[in-house]
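Presented below is the structure to which this report refers.
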Amino acid sequence: MGTNGSTMLEPLRQGLPPIDPTAVSNSASCALPPRYEAVRGARKFTQSTLTNWDLTDRFDDVALVVSELVTNALRHATPADAPQEEGQNPPVRLHLMRWTGRLVCAVRDPSHKSPEARAAEGDCAAESGRGLFLVDSFSDSWGWHPLAGTLHGKVVWALFRLGSE
């Protein structure tokens with residue numbers, strides 16, 4: 001997506017209430033260690049959160065997307081030898097936000113590099129490279145935006161419509 005931050009967020013903003021803390025019905029967040037075992041933890045966190053929000057019917061699609069976003073963050077955005085220092089922001093963080101008719105999964109990572117989706121007609125037998133294609137297929141929309149201020153990196157998000165919207 002070779003666009004600026006505000007354009008990348010347009011699909012996320014369309015039809016949503018203003019993005020402020022009081023507009024979100026529910027939200028949950030968890031820090032993830034820079035290890036691939038974190039993907040399993042992200043799935044468990046997602047399952048627990050969706051159960052609490054009475055959204056278990058959406059678990060399969062949401063968990064697949066969360067797994068892909070977290071895997072991409074760990075594989076492409078965190079250095080393999082990144083030690084976690086005390087008091088330092090975790091390198092990867094999963095956020096789940098629910099509005100009345102929408103659910104957003106967002107993964108923050110320390111890289112400024114834009115995510116790159118490979119073409120769908122690529123090698124279907126390849127063991128990697130299909131993550132963002134799956135995110136696009138299983139969510140209603142997705143995108144990313146760079147972070148500003150004291151946080152460095154980007155957020156990659158996926159939006160799911162809930163109910164009959």
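The values are calculated or read from the model by the stated rules, or taken from the named source; none is laboratory data. Quick caveat, the model's predicted, so the values are computed rather than measured. Cβ placement follows ideal geometry from the backbone for every residue including glycine, while neighbour counts extend to all protein chains displayed. Only protein heavy atoms, including side chains, enter the accessible area calculation; ligands, DNA and RNA are left aside. Shrake-Rupley method; radii C 1.70, N 1.55, O 1.52, S 1.80 Å.
Listed highest first by mean packing, meaning other Cβ atoms within 10 Å per residue, what order do 40-50, 100-110 come in?
For the peptides 40-50, 100-110, the packing ranking is 100-110, 40-50.
Applying a 10 Å radius around every beta-carbon, put 132-138, 152-158 in order of their mean neighbour count, most first.
Most protected by this proxy first, the peptides run 152-158, 132-138.
Given a 1.4 Å probe and the protein chains all in place, what does the accessible area of His112 round to, in Å² to the nearest 10?
120 Å²
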